[in-house]
Each structure stands twice: as structure tokens, then as C-alpha cells.
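Written out below as C-alpha cells is the structure these notes cover.
The values are calculated or read from the model by the stated rules, or taken from the named source; none is laboratory data. Keep in mind that what you see is a predicted model, and the values were worked out from it rather than measured. We place every Cβ from the backbone using ideal geometry, glycine too, and count neighbours over all the protein chains shown. Just the protein is used for accessible areas: all its heavy atoms, side chains included, with ligands, DNA and RNA removed. Shrake-Rupley method; radii C 1.70, N 1.55, O 1.52, S 1.80 Å.
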Amino acid sequence: MNESRRALVVLAPGPLTTVQDLGRRRHGHLGVGRSGAADRGALRLANRLLANPEDAACLEVTLGGLRARATGDLLVALTGAPCPAIVTDAEGRPRGIGHASVERLPDGATLRLGVPPRGLRTYLAVRGGIDVPEVLGSRATDLLSGLGPERPAPGSVLPVGPAPADFPVADLAPVPQPESGVLTLAVIPGPRHDWFTPEALTALCAEPYEVTAHSDRVGMRLRGPRLERAREGELPSEGMVPGALQVPPSGQPTLFLADHPVTGGYPVIAVLRDADVDRAAQARPGQRVRFRLTAGVRVAGG
Amino acid sequence: MNARLHRCGEHAVLVELDRLEEVVALYDALAADPPPGVVGIVPAARTVLVRFEPPARHAMVESAILAVRPAGGRRATADEVVIPVVYDGADLADVAALTGLTEREVVAVHTGTLWTVAFCGFAPGFGYLIGGGPRLAVPRRPESRVRVPTGAVGLAGEFSGVYPRESPGGWQLIGRTETAVWDIAADPPALLRPGVRVRFTEES
């Protein structure tokens with residue numbers, strides 16, 4: 001088989017599957033967000049397992065449901081939310097494959113992902129990477145701005161790039177599973193915590209918030225203690241970062257994820273630590289999250 | 001320059017300034033000579049967000065920002081573009097009423113102003129143009145439109161802008177242009193980048 005013709009053929013994408021890498025850097029001043037994997041650590045790990053460059057493009061599969069067939073012999077790895085994964089070979093023989101391990105997907109075999117019992121987003125990496133055309137230096141699909149490759153649909157053929165020169169050095173990576181209970185996320189106050197009452201930061205960290213169904217790659221809308229403003233008036237739009245907790249007039253925070261808007265007009269009371277943005281991206285609707293001030297930070301007025 | 005620094009998570013600093021002109025000047029200076037480790041500079045109405053990556057740290061980046069001495073005056077290297085507009089926007093009459101000008105005077109001020117892109121946002125390639133001053137300052141529409149067509153030319157606050165693609169929007173629409181302000185096949189893809197000067201001309 002000519003290596004340049006290797007591909008993944010999507011049979012069913014499940015609820016939401018997108019192509020993602022580590023996103024677009026250095027285009028924020030043009031109004032272009034970074035986008036990229038919601039759980040960047042999981043995408044990096046999947047690529048490392050296959051000896052791909054860490055930023056190779058993978059599939060981000062939300063709540064499972066993906067079915068895809070291999071054209072040519074492929075090596076794959078699944079990371080992020082563990083889900084039942086069955087490979088059925090061209091002769092119709094099924095076998096389960098592992099999580100965070102290097103697995104073979106022979107020519108003509110079909111991979112089927114079930115619904116993950118915990119966590120939200122599973123990453124499917126292919127040795128060589130998904131080789132769809134880049135847009136502004138990235139293969140990430142930005143669902144807010146509409147940039148990047150189309151969402152895979154039944155019949156989509158996703159070409160696989162040439163295998164890297166290096167070989168995989170480990171068969172599997174022992175990594176912690178996404179947590180299923182209350183998720184504790186570390187936050188750093190600011191940049192606009194002074195727009196809120198001194199009690200608001202205390203309230204933010206006192207009781208857990210529920211992840212609502214109004215959550216996607218742009219952000220998670222949370223339901224919980226109301227955060228009261230200390231000053232009225234409009235905030236002129238300003239630059240936003242992933243992990244920002246933006247608070248609209250409702251007092252209920254929105255936690256920005258990978259496809260967040262480049263600028264926003266509501267004050268940000270606190271920002272998650274970088275590592276916890278990945279963990280937050282695995283929180284499911286209905287799950288609860290508790291915020292904890294980063295060690296060494298004093299609560300104003302508390 | 002009275003710059004107030006707000007830390008924004010582990011890897012960004014939000015620099016707050018008093019005036020948009022200071023934002024433009026600081027953005028120009030930082031973009032021309034970015035401090036080590038800086039991977040993104042996002043100017044907005046009163047702020048510049050500076051994002052960095054390790055091994056850069058807050059203290060290093062903050063001191064680099066405070067050391068910047070923005071050059072005064074107009075940007076020497078700025079590109080200038082001409083955008084022909086058909087002034088038949090759905091809100092032209094409302095803009096005239098809100099500004100106390102006639103429709104023809106609105107067009108005359110809009111075409112008679114040398115606009116400058118202060119910053120981008122809202123959508124890829126959407127530039128916030130300044131320079132019209134208070135004469136054309138109007139509030140956003142009370143209700144946002146679900147669908148504003150590609151190329152619509154609008155006003156809101158002290159800004160003018162051109163919609164890069166069809167999207168929802170709440171700006172007062174005064175006209176339309178055929179000029180593509182966003183083309184991902186172009187390099188750079190945005191016609192209206194921070195610092196670019198814009199002159200609108202009337203096309204009938």
C-alpha cells in the first residue's frame with residue numbers, strides 16, 4: 001500500500017468530532033483565536049505515544065460515538081476520556097483495544113468508540129497525523145469563528161500523513177483517569193476581581209458550581225453562587241485567555257475553553273491555572289466543579 | 001503613559017491604559033519588538049493583552065512592558081487602503097437622525113475621514129476603525145440583527161467597521177462594499193490589521 005494513500009474514513013462522527021491540533025498562535029491581533037484541543041495535554045500524550053510531533057492533528061471525539069475505517073495499515077492511540085473501543089478487522093473479528101496505548105488498526109479494520117463512562121473528550125491520534133490542509137498554520141477547527149477544516153461527516157476521508165522517523169518508545173502510558181466526582185480547579189484572581197465585591201471571590205470558592213448543558217468548546221456555563229459586582233458600568237471589550245471565568249450580569253460565570261472569543265466585554269474575576277484548563281475540559285454537563293484559590297493568594301477582604 | 005498591569009492567569013498580562021491612542025502606540029511598540037517569550041499581543045479598546053510562554057515569567061514580561069517607550073505620532077510604515085462603499089445601508093436614516101446630520105452629510109464625514117484600524121475582534125478580520133471622532137458616534141442598535149451580510153459597513157460608538165463575513169451584529173449599517181476584508185488564502189488574511197489606514201470612497 002502506498003503510504004501517501006493511508007487514511008481514516010469516517011463512517012459515523014458521533015455527537016461531535018472535530019480535527020484539532022494545538023491551535024493558531026500569533027493571530028489574536030487579527031481577531032483569530034487559538035482554538036486547538038480542549039484538553040491539550042491529552043492530545044500531546046496521544047501524539048507522543050505514536051512518536052508524532054506533539055502538535056500533530058488528531059480527532060477530538062466528544063462523548064464517543066465515532067466509527068471509522070482504516071485505509072492502509074495505521075497505528076493509533078486513544079487518550080483523554082477512556083471509552084469502550086472495539087476494532088473489527090476486515091474479516092469481521094472484533095477485539096477490544098486499550099486506552100493510552102499504541103494499537104494497530106489494520107487495513108480495512110473498523111474502530112468503534114462507545115460512550116465514555118467518565119470524562120467528555122477522547123483523542124484519537126494516528127501515527128503520521130491527520131493531514132488535512134492547514135488554515136493559518138493550524139488544522140484546528142474553531143467552532144466560534146468557523147475557521148479550519150469542516151467537521152467530519154459520514155464518508156469524510158481524512159488523509160494520514162507520512163510516519164515520522166522516530167518509533168514509539170512505550171506501549172502504553174499510565175495516566176490518571178478524568179475525575180467523575182466534584183472537580184477541584186485552581187484559580188488565580190484577576191484581572192478584574194476588583195469589579196466585584198470582596199465577598200465574590202469567597203463565594204466563588206465556597207460552594208461547587210454545576211456544569212450546565214449550555215457548554216461547548218467555546219465555554220462552560222456554570223450554575224451556582226451568584227457573584228455580585230461592586231461597580232456598575234460597561235467594561236470596554238478586552239483580550240481573553242482560556243480558563244478565564246467571565247461574569248455576565250446574571251452573576252453566573254462562564255469558563256472559557258479552546259474556542260473562546262478573542263475579546264470579551266464582561267469582567268473576568270479569575271483565571272484557571274493552565275493545567276486545570278485541560279481538566280475542566282473533561283467535565284461533563286451535570287458534573288460539579290469547585291474552585292480553589294491558588295496557594296499563596298489572599299482573598300481580598302477575607 | 002499611565003499603564004496599569006493586571007495579571008491574567010499564569011501566562012498573560014493585561015495592560016490597561018487611559019486612551020485608545022496609548023493602546024495603539026503600545027501595541028505598535030510591542031509588535032515591532034516583542035519581549036522574549038511573548039506569543040500573542042491583542043490590542044482592544046483600552047487594553048493590550050500580552051500572552052507569553054515559559055520560560056518567560058510575569059515579572060520579566062511586566063518589566064519589559066513598562067520599559068517600552070512608544071514612539072509618538074502616526075505610524076510611519078502603516079499601509080493605506082481605499083474601500084469603495086455604496087451608501088444605502090438600512091440604518092442610514094437612523095444614523096442621520098441620531099447625529100443630527102443629513103444622510104449626505106453622514107456620507108461626507110465617513111468618506112472625508114482618514115480612519116485607522118485600532119484593533120481587531122468580534123470575528124476574524126473585523127477591524128475597529130477610529131478617526132471619525134464624535135461627529136459619527138452612535139449607539140449600537142437596540143436589537144442585534146441575526147444576519148448582517150458580508151461587506152456591510154457600520155458604525156457603533158466611536159468606531160466604524162466592515163463585516164468580514166455574514167454574522168449576527170448590532171452595528172448601525174450605513175452601506176456595503178465588495179472589497180474582501182478577510183481572505184484566508186491571502187497573507188496576511190486580514191485587510192484591516194491594527195495600524196492600517198483606511199479611506200472610504202462613495203460608489204454609486
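Table: residues versus (1) closer than 21 Å to B:VAL82 by Cβ; (2) within 11 Å of chain A (Cβ to nearest Cβ); (3) of a type outside the set (A, V, I, L, M, F, W, C).
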site	(1), (2), (3)
B:VAL117	yes, yes, no
B:GLY121	no, yes, yes
B:GLY125	yes, yes, yes
B:GLU203	yes, no, yes
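If A:PRO133 satisfies all but one of (1) in contact (Cβ under 8 Å) with a residue 24 or more places away in the chain; (2) closer than 30 Å to B:PHE122 by Cα, what's the number of the condition it fails?
(1)
Just the residues that are under 11 Å from the mean Cα position of the chain (by Cα) and not β-branched (Val, Ile, Thr), please, taken from region B:86-136.
Within region B:86-136, B:TRP115, B:ALA118, B:PHE119, B:CYS120, B:GLY121, B:PHE122, B:GLY125, B:PHE126, B:GLY127, B:TYR128, B:LEU129, B:GLY131 meet the criteria.
Here's a check for you: in region B:5-22, which residue that is more than 10 Å from every other protein chain (Cβ to nearest Cβ) and either open to solvent by 10 Å² or more (accessible area, probe 1.4 Å) or part of a helix (DSSP H, G or I) (or both) is nearest to A:LEU185 (Cα to Cα)? It would help to see each step written out before you state the result.
Taking region B:5-22 first, the residues more than 10 Å from every other protein chain (Cβ to nearest Cβ) are B:17-19, B:21-22.
Keeping just the survivors that are either open to solvent by 10 Å² or more (accessible area, probe 1.4 Å) or part of a helix (DSSP H, G or I) (or both) gives B:18-19, B:21-22.
On the way: B:ASP18: 34, B:ARG19: 36, B:GLU21: 38, B:GLU22: 36 Å.
So, considering only residues that are more than 10 Å from every other protein chain (Cβ to nearest Cβ) and either open to solvent by 10 Å² or more (accessible area, probe 1.4 Å) or part of a helix (DSSP H, G or I) (or both), the one nearest to A:LEU185 (Cα to Cα) is B:ASP18.
Being within 24 Å of B:ALA3 (Cβ to Cβ), buried (at least 19 other Cβ atoms within 10 Å of the Cβ) and away from every other protein chain (no Cβ under 14 Å) is true for just one of B:ALA59, B:ALA71, B:ALA44, B:ALA64. Which residue is that?
B:ALA64
Return the total of residues in region A:103-116 being closer than 29 Å to A:ARG284 by Cα, touching a residue at least 60 places away in the same chain (Cβ under 8 Å) and open to solvent by 20 Å² or more (accessible area, probe 1.4 Å).
1
Being out of contact with any strand residue (DSSP E or B) (no Cβ under 8 Å at 6 or more places or on another chain), in a loop (DSSP other than H, G, I, E, B) and at positive phi is the requirement here; does A:GLY233 meet it? Please lay out each step first, then the result.
On the way: out of contact with any strand residue (DSSP E or B) (no Cβ under 8 Å at 6 or more places or on another chain): yes; in a loop (DSSP other than H, G, I, E, B): yes; at positive phi: yes.
For A:GLY233, the condition - out of contact with any strand residue (DSSP E or B) (no Cβ under 8 Å at 6 or more places or on another chain), in a loop (DSSP other than H, G, I, E, B) and at positive phi - is met.
Tell me which residues, restricted to region A:238-259, are open to solvent by 10 Å² or more (accessible area, probe 1.4 Å), in a loop (DSSP other than H, G, I, E, B) and more than 9 Å from every other protein chain (Cβ to nearest Cβ).
Scanning region A:238-259 gives A:PRO248, A:PRO249, A:SER250, A:GLN252, A:ALA258.
When the residues of region B:29-41 are narrowed to those that are within 11 Å of chain A (Cβ to nearest Cβ) and not in a strand (DSSP E or B), which ends up least open to solvent (accessible area, probe 1.4 Å)?
Let us first name the residues in region B:29-41 that are within 11 Å of chain A (Cβ to nearest Cβ), namely B:30-31, B:34, B:38-41.
Applying the additional criterion that residues be not in a strand (DSSP E or B) yields B:30-31, B:34.
On the way: B:LEU30: 1, B:ALA31: 47, B:PRO34: 66 Å².
Checking each candidate, the answer is B:LEU30.
Would you point out the residue of region A:148-181, among those that are part of a loop (DSSP other than H, G, I, E, B) and in contact with a Gly (Cβ under 6 Å, 6 or more places away or on another chain), that is most open to solvent (accessible area, probe 1.4 Å)?
Residues of region A:148-181 that are part of a loop (DSSP other than H, G, I, E, B), as a first pass: A:148-156, A:161-171, A:173-181.
Those still in the list that are in contact with a Gly (Cβ under 6 Å, 6 or more places away or on another chain) too: A:161-163, A:178.
On the way: A:GLY161: 2, A:PRO162: 95, A:ALA163: 38, A:PRO178: 19 Å².
That would be A:PRO162.
Quick one: is B:LEU26 touching a His at 6+ places or on another chain (Cβ under 6 Å), open to solvent by less than 30 Å² (accessible area, probe 1.4 Å) and either within 10 Å of chain A (Cβ to nearest Cβ) or in a helix (DSSP H, G or I) (or both)?
Against the criterion (touching a His at 6+ places or on another chain (Cβ under 6 Å), open to solvent by less than 30 Å² (accessible area, probe 1.4 Å) and either within 10 Å of chain A (Cβ to nearest Cβ) or in a helix (DSSP H, G or I) (or both)), B:LEU26 does not qualify.
Taking the conditions exactly as written (within 30 Å of B:GLU53 (Cα to Cα), open to solvent by 50 Å² or more (accessible area, probe 1.4 Å) and not hydrophobic (A, V, I, L, M, F, W, C)), does A:THR202 satisfy them or not? It would help to see each step written out before you state the result.
Numbers: within 30 Å of B:GLU53 (Cα to Cα): yes; open to solvent by 50 Å² or more (accessible area, probe 1.4 Å): yes; not hydrophobic (A, V, I, L, M, F, W, C): yes.
Here the answer is yes, as A:THR202 does meet what is asked.
Have a look at B:GLY133, B:GLY151, B:GLY195, B:GLY157 and point out the one that is at positive phi and at pLDDT 95 or above.
Values: B:GLY133 fails: at pLDDT 95 or above; B:GLY195 fails: at pLDDT 95 or above; B:GLY157 fails: at pLDDT 95 or above.
Going through B:GLY133, B:GLY151, B:GLY195, B:GLY157 in turn, the sole match is B:GLY151.
Sort out which residues of region B:119-167 are of a type in the set (Gly, Ala, Ser) and out of contact with any strand residue (DSSP E or B) (no Cβ under 8 Å at 6 or more places or on another chain), and write them in order of number. Give the steps one after another, and end with the answer.
Of all residues in region B:119-167, those of a type in the set (Gly, Ala, Ser) come to B:121, B:123, B:125, B:127, B:131-133, B:137, B:144, B:151-152, B:154, B:156-157, B:160-161, B:167.
Of everything in region B:119-167, just one residue is of a type in the set (Gly, Ala, Ser) and out of contact with any strand residue (DSSP E or B) (no Cβ under 8 Å at 6 or more places or on another chain), namely B:GLY133.
Of the residues A:ARG221, A:ARG226, A:ARG279, which is of a type outside the set (Val, Ile, Thr) and either assigned to a loop (DSSP other than H, G, I, E, B) or in the same structural domain as A:ASP142 (by TED's automatic domain parsing) (or both)? Show your work before the answer.
Values: A:ARG221 fails: either assigned to a loop (DSSP other than H, G, I, E, B) or in the same structural domain as A:ASP142 (by TED's automatic domain parsing) (or both); A:ARG279 fails: either assigned to a loop (DSSP other than H, G, I, E, B) or in the same structural domain as A:ASP142 (by TED's automatic domain parsing) (or both).
When all the criteria are applied, what remains is A:ARG226.
Can you work out which of the residues in region B:93-110 that are surrounded by fewer than 16 Cβ atoms within 10 Å (Cβ to Cβ) and within 28 Å of B:ARG193 (Cβ to Cβ) is farthest from the other protein chains (Cβ to nearest Cβ)?
So the residue we want is B:ALA108.
Tally time: how many residues in region B:167-187 are open to solvent by 50 Å² or more (accessible area, probe 1.4 Å) and either assigned to a loop (DSSP other than H, G, I, E, B) or within 14 Å of chain A (Cβ to nearest Cβ) (or both)? Break it down stepwise before answering.
Residues of region B:167-187 that are open to solvent by 50 Å² or more (accessible area, probe 1.4 Å), as a first pass: B:168, B:176, B:178, B:180, B:183-185, B:187.
So of that shortlist, the ones also either assigned to a loop (DSSP other than H, G, I, E, B) or within 14 Å of chain A (Cβ to nearest Cβ) (or both) come out as B:168, B:178, B:180, B:183-185, B:187.
Count: 7.
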